[in-house]
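Quick note: the coordinates plus some simple rules give every number you see, no bench work behind them. In this text, all values refer to a predicted model and were calculated from it rather than measured experimentally. Cβ: placed from backbone, ideal geometry, glycine included. Neighbour counts: every protein chain shown.
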Amino acid sequence: MDNHPAGGEFRIERVSQGYPVLMNELQVFFVIVVPAAAAAFGIPLTLAPVAWARALRWPVSVATASVNERHLTLYFGRCLGVMVLAFGTVCVVAAVRGQVPELLVLQSIFVGVGMTLVHIYGAVKRAQPVTETIEIAFYGGVSAWAISLYVRFY
């Protein structure tokens, strides 16, 4: 089977050297990293953005915020959470089907690198709690893994 069709989609062969293959590393990336991110970020941000922020040590004071500020905070938190969940669902479905498009891997790289840079900026400016600074390692590691997958599979 041709693993690199014109559409840039990687199709997984289910047999390798005579043995069945359950998943390759590309699929494992999307089945492990994405549910972890959804559990840590997507679900809490969607359901309870202020509680999530407090858990990560952000100094949130919605009691003194205006009604409009509170609504805006909840709106942005929930929007970000839904984006994480939507992207994550597409990634998991693609991995389980064994059809991971090249653009999905590229998008993962850009999201990972972008989040790494945002967190580095916040750390340099001292504009975030230490919990956010620790996330630099997570996003940097995910980005490096995604880049290595892109180089090897596409």
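Here are the numbers for the structure shown:
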quantity	calculated
The range 101-154: trypsin sites (Lys or Arg not before Pro) in DSSP loop, at most 10 other beta carbons within 10 Å	LYS125, ARG126
Gain upon complete extension [ILE32, VAL130; 0.36 nm per residue less C-alpha separation]	32.8 nm
Ranking of CYS91, CYS79 by count of other Cβ atoms within 10 Å, fewest first	CYS79, CYS91
Translational D in µm²/s for the range 16-76 (Stokes-Einstein at 4 °C, 1.567 mPa s, Kirkwood Rh from C-alpha pairs)	90 µm²/s
For the range 44-68 and the range 79-154, distance of Cα centres in Å	23 Å
Computed helical MRE - 222 nm, the chain, DSSP H runs ≥ 4 contributing -39500 (n - 2.57), nearest 500	-22500 deg cm²/dmol
Kirkwood-type radius of the range 84-154, with distances r between different C-alpha atoms, in Å	13.1 Å
